1. Return the pairs, sorted by first residue and then second, in which the second residue is in a strand (DSSP E or B), the first residue lies in the range 103-115 and is over 24 Å from Pro4 (Cα atoms), the beta carbons are less than 8 Å apart, and the residues are 6+ apart or on different chains.
2. Please tell me if Leu58 is crowded, with 17+ Cβ neighbours inside 10 Å, more than 27 Å from Gly27 (Cβ to Cβ) and of a type outside the set (Ser, Thr, Tyr).
3. In the range 1-110, which strands (runs of 3 or more DSSP E) lie fully inside it and hold 1 or more residues that are touching a Leu at 6+ places or on another chain (Cβ under 7 Å) and under 20 Å from Leu125 (Cβ atoms)?
4. How many residues does the range 62-101 contain that are loosely packed, with under 14 Cβ neighbours inside 10 Å and among the aliphatic types (A, V, I, L, M)?
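Rule-based calculations on the coordinates, nothing more; no lab input. Keep in mind it's a predicted model, so treat the numbers as computed, not measured. We place every Cβ from the backbone using ideal geometry, glycine too, and count neighbours over all the protein chains shown.
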Amino acid sequence: MGQPFVMQLENRVGELAHVTRALAARGINIEHVVGTSTGDRMCARITTDDDAATRAALRSLGIPFVEGDTLVVEVEDQPGGIAAFTERLADAGVNVTGILTVGHHGRFVQIACTVDDEATARRALGMPPAHTPEPVG
C-alpha cells in the first residue's frame with residue numbers, strides 16, 4: 001500500500017476532478033480513493049503509485065494535505081470495537097488522520113488506519129514493530 005495522502009478540499013463542483021486530472025497529467029495512477037464532505041469542506045484520502053510525485057503535485061497545486069503511516073488492524077465486529085482501539089491510540093498520543101474498513105471475516109472487521117506515529121501506534125496496540133530492512137553490503 002502506498003503512502004496515504006489526506007487532503008482538505010473546497011466542497012464545490014469540479015474540485016476533486018481538478019486534483020485527479022492534475023495527478024493523471026503527471027502520469028500518477030490513483031490506486032485508492034475515499035472521501036466525504038460536510039458543509040463547505042471535503043476530505044479525500046488517496047494512495048497512488050508514486051508517493052514523491054503525488055507529494056510534489058499536491059504542493060504545486062497549493063492543496064493542504066497530511067501524510068501518515070497505515071496500519072491494518074483487526075477489531076471485533078461489535079459495539080465498541082472501533083472505540084476500544086481508537087481510544088488506545090488517543091491515550092498514547094497518536095493522531096488518526098484516516099480510517100477505512102477494508103474487510104470483514106467471521107466476527108472481525110479489518111480497519112486500515114492512517115496515523116501520525118506508526119511506532120507509537122504499534123506499541124499502543126500491542127503490534128510488533130514494523131520490519132526495517134537490514135542494510136545490504
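1. From the range 103-115, the pairs are Arg107/Glu76.
2. no
3. By residue number, 69-76, 96-105.
4. Counting residues in the range 62-101 that are loosely packed, with under 14 Cβ neighbours inside 10 Å and among the aliphatic types (A, V, I, L, M) gives 4.
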